[in-house]
């Protein structure tokens with residue numbers, strides 16, 4: 001009884017439950033436990049044990065079946081994606097990339113271990129690394145006639161849903177990411193806007209990891225960069241007019257020549273994390289310190 005109360009009392013305290021609820025819950029558990037022990041001691045106790053084992057194995061089987069089904073679905077979705085992007089048809093490539101984020105981050109329940117029931121229900125993402133490997137090898141080699149419906153853009157990712165996608169180190173130079181959704185995505189050290197046709201106009205990059213990303217000359221007009229990580233990013237000459245930078249981390253970001261007019265910032269303290277002299281700043285703010293030589 002006392003060990004049980006020792007467990008229940010902290011729970012009641014944390015959730016501010018009345019003590020009478022604690023007493024009722026304790027009585028209920030004690031009654032259930034006493035009944036279970038009584039049944040186990042009876043002549044038909046083996047039936048109770050068999051019932052418990054049967055329920056345990058049934059739950060195990062259901063989770064294992066679910067895991068297999070989810071693995072199959074993730075594999076089919078990945079295979080379909082690879083088929084579309086490898087077809088050499090620009091329309092197929094553009095259509096497939098619109099669901100890149102959802103396919104790459106598709107969660108799958110792990111196969112359960114029979115004797116580790118506490119780990120049942122954990123998930124992993126089997127498509128994450130294979131699709132990142134594909135992005136590293138393929139996106140940089142994209143040609144206009146294969147990856148874009150616009151003759152002025154090398155890589156058409158406009159309106160693409162890249163939520164939570166991992167594109168660390170990928171070459172997205174010359175890509176059109178206008179109106180794309182990359183909230184929570186990771187583009188650390190990615191080359192985003194080098195070359196002709198690159199735009200991130202009104203792109204949702206909220207919470208994205210853009211640390212050390214190459215965004216020099218980027219069209220980020222009206223982009224949502226709230227709570228994004230821009231540490232060490234190259235934003236020199238970028239158009240950030242009207243961009244939302246509230247909560248963004250700008251530690252070491254190069255803002256030389258950037259247009260920050262009408263941008264939403266948290267104030268001078270946030271701006272001072274960056275370096276370089278912007279071309280335009282919101283009224284009342286002053287340029288941060290110069291960037292170190294060699295940047």
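Counted by neighbouring Cβ atoms within 10 Å, the residues 261, 87 run from fewest to most as 87, 261.
Roughly what % of Cα-Cα distances in the chain sit above 34 Å, to the whole percent? Every Cα pair in the chain considered, those over 34 Å come to 45 percent. Over the chain, DSSP H runs of length four or greater, each weighted -39,500 (n - 2.57), average out per residue to a 222 nm ellipticity of -12000 deg cm²/dmol.
Where the centre of each part is set by its Cα atoms, how far does segment 206-256 sit from segment 111-184, in angstrom? One Cα centre to the other: 20 Å. Given the options 117, 81, 159, which has the most mean-square fluctuation in a GNM of the chain, springs set between C-alpha atoms less than 10 angstrom apart? Result: 117 has the largest fluctuation of those listed. The C-alpha atoms of the chain define a longest principal axis, and helix 19-41 lies at about 60 degrees to it. The angle separating the long axis of helix 45-85 from the principal Cα axis of greatest extent in the chain is about 20 degrees. Take every Cα pair under 8 Å whose residues are at least 6 apart in sequence, average their separation, divide by the length of the chain, and the relative contact order is 8 percent.
Residues 84, 265, 225, ranked from the fewest to the most other C-beta atoms within 10 Å, line up as 84, 265, 225.
In terms of the Cα gyration tensor, with a ≥ b ≥ c the square roots of its eigenvalues, is segment 188-295 rounded because a/c is under 1.5, prolate because a/b exceeds b/c, or oblate? Rounded shape, in that the Cα axes give a/c under 1.5. For the chain, DSSP calls about 10 percent of its internal beta bridges antiparallel. Residues 98, 116 in ascending order of nearby Cβ atoms (within 10 Å, fewest first): 116, 98. Seen against the Cα atoms of the chain and their longest principal axis, helix 2-14 is set at about 30 degrees.
Quick note: the coordinates plus some simple rules give every number you see, no bench work behind them. Keep in mind that this is a model prediction, so the values were computed, not measured. Ideal geometry is used to build each Cβ from the backbone, glycine not excepted, and the neighbour counts take in all protein chains shown.
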